[in-house]
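Worksheet: the structure to be examined is printed underneath.
Rule-based calculations on the coordinates, nothing more; no lab input. Bear in mind the structure is a predicted one, so any value in this text is a computation, not a measurement. Don't worry about glycine lacking a Cβ; one is built from the backbone with ideal geometry, like all the others, and counts go over all protein chains shown.
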Amino acid sequence: PRRCRAVSTGASYRNPVVPGFHPDPSVCRVGADYYLVCSSFEYFPGVPLLHSRDLVTWRQIGNILDRPGQLELPADTEASRGIFAPTLRHHDGRFWLVTTNVSLGRHLIVTAPEPTGPWSDPVYFDLPHVDPSLAWDDDGTCWLTTSGVDAYRIDPDGGRVLEGPIPLWSGTGGQYPEAPHLYRIDGWWYLLLSEGGTHTGHAVSVARSRSPRGPFTPAPANPILTHRGTDLPVQATGHGDLVQALDGSWWLVLLGIRARGQWPPYHALGRETFLAPVRWVDGWPVVDPVREVTPAPPGSAPAGATPAGPDTFHDDFDATVLAPEWISPRSRPDDCWSLTARPGWLTLHAVGATLDLAGATIVALRQRYHDSRTSVRVDPGTGVAGLTIRIDEAHHYDLEVRAGIVRVIGRAGPFRQVFATHAVPDGPLVLTIATRTHDLYPPTVTSAADLAARTAPRGVRAAGCDMVTFEVAGPAGPVVLAELDGRYLSTEVAAGFTGRVVGMYVTGGSAAFDWFTHRPAAAPH
Ligand code: 6LW
């Protein structure tokens, strides 16, 4: 895939540093290279792996769980189950990844000599809770911590628990003490954790001890980071992991949400990865509120970086392997896709007959921008194919072509409706789903004629809500078929831990896709 990056200047950087559904980030540095992983839930391949040289500009270089033997997602895996919060570490010449497959109820560790692999088969640990993390003592003792917060002394290669659970510290009383990480810094063991739940009550707290077994003394100013009860545009900040840059500066990667609409606000892109500078005051980490444009401390790693601007994801399907950004719900059997059947095209074969149930053939990308345009050129042949924007099987909008007719279909909870139909000639055509920020929720527009007839905006005022527009390219330019309220494809409606993805699908026969583009679009306001 070709990526185009906009260049801007100034000693500040843009958050989120990894936009779209990239929650529960964990980071490690090896020399001048930084590696980041995130949760992937029911999607295959699992655990996206990104690389950076400056902590700001991240490029996905793979997925750590990319074989069915590493990632068992039973066919009935519910949405937002599967792989929860991973931790990535480098120790003793190896990369270590620990995570939980919630659908199996097991923690697992995989290792690799290089971040690009090969990653080992899993070593399993049947212990309660989620959010496992790893830390090593100088004598090689390996500690596994989990939400709760408990520690276990383990043999990470042999899959044996040697001691524990040892209760460590559960934060300041917020719900769900989770995302614990132990760090050895200046003769102390610091325990960083999150509490308050992964929505707007989220907070990061810290304690320290001379021993990994405790007792832990809380910082005098906990939580060290929370946006709860504020009107900051970034909300739900938490689930952080610390890293020291090559230049000695300290940073926190964390998750946050960018809420839209009012009232109540909602978020559609899932929990995203943010970066915050960390200062040390009297031996404790201090983190300022997280902003979308963050000044970088002078001389620090991101100060010299090109701030991440909007970029375009484009795939011509000229390669013989799928780019790492492509994900599929639950599995992607080898016989449901091909890049060689029709060179230069991605051919998909239907497995399931509906997007309303698990098992359909979908190849999708995480939606990155609130204002976005996603287009595909598809040759449906005699199949049923399209472009879908989805959170899960019960929450998706589809732009589908079948037998010379393009349809806009919406599914939200128990409701399913065809909003528009439009005749198209046989052969390849370009389908587009756009998302746009509006200050009104316009009444649902179900046809191009409706849209043209609307002379003045009417609707419910809601600054910054998002609308999803469906277009098909016609001989006289794009034809807008429908415009639907984006709230039904938000986490607040769908529930769960993921975010929107935009993907190609086939639910009947076979179809081929020539190219796919996802890019930011300027907001109309
Ligand atoms: C994760 C937990 C959480 O395991 O949500 O951020 C869960 N908070 O730490 C799923 O992402």
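For this structure, a couple of remarks:
- The phi torsions of the stretch 171-182, fed into the Karplus equation with coefficients 6.51, -1.76 and 1.60 and a -60° offset, translate into couplings of x, 9, x, x, 5, 6, x, 7, 6, x, 9, 9 Hz, rounded to whole numbers, with Gly and Pro shown as x.
- Chain lengthening between Asp139 and Asp76 when straightened (0.36 nm per residue, less Cα-Cα): 18.3 nm
- Between Ala522 and His314, full extension at 0.36 nm per residue minus the direct alpha carbon distance yields a gain of 73.1 nm.
- Working note: Cα atoms of the stretch 64-171, range along each principal axis, descending, whole Å: 40, 32, 23.
- Highest to lowest packing among 336-342, 92-98, scored as the average C-beta count within 10 Å: 92-98, 336-342
- Modelled spin labels at His51 and Glu292, positioned 7 Å past Cα toward Cβ, are 3.1 nm from each other.
- Highest-first arrangement of 348-358, 317-327, where packing means the average Cβ count within 10 Å: 348-358, 317-327
- Legend: calculated FRET efficiency, Val424 to Glu163, from the Cβ-Cβ distance at R0 = 60 Å, rounded to 0.05, equals 0.35.
- For the chain, the calculated P(r) over all alpha carbon pairs, in 10 Å bins from 0 to the bin holding the longest distance, is 4, 19, 29, 26, 15, 6, 1, 0 percent.
- At R0 = 60 Å, FRET efficiency that the Cβ-Cβ distance of Ser211 and Thr382 yields, to 0.05: 0.30
- For the chain, size of Cβ-based charge dipole, Lys and Arg +1, Asp and Glu -1, in debye: 1040 debye
- Amide H contacts of Ile224: Val204, Ser205, Val206, each under 5 Å away and 5 or more positions distant or on a separate chain (H built 1.01 Å from N in the peptide plane; Pro and chain starts excluded).
- Per-residue ellipticity at 222 nm, computed for the chain from helices alone with -39500 (n - 2.57) per DSSP H run of at least four residues, works out to -500 deg cm²/dmol.
- Whole-percent pair-distance distribution, where bins are 5 Å wide, for the alpha carbons of the stretch 155-249: 3, 13, 20, 20, 18, 13, 9, 3, 1, 0
- Averaged over residues, the count of other Cβ atoms within 10 Å places the peptides 385-391, 180-186 in the sequence 385-391, 180-186, highest first.
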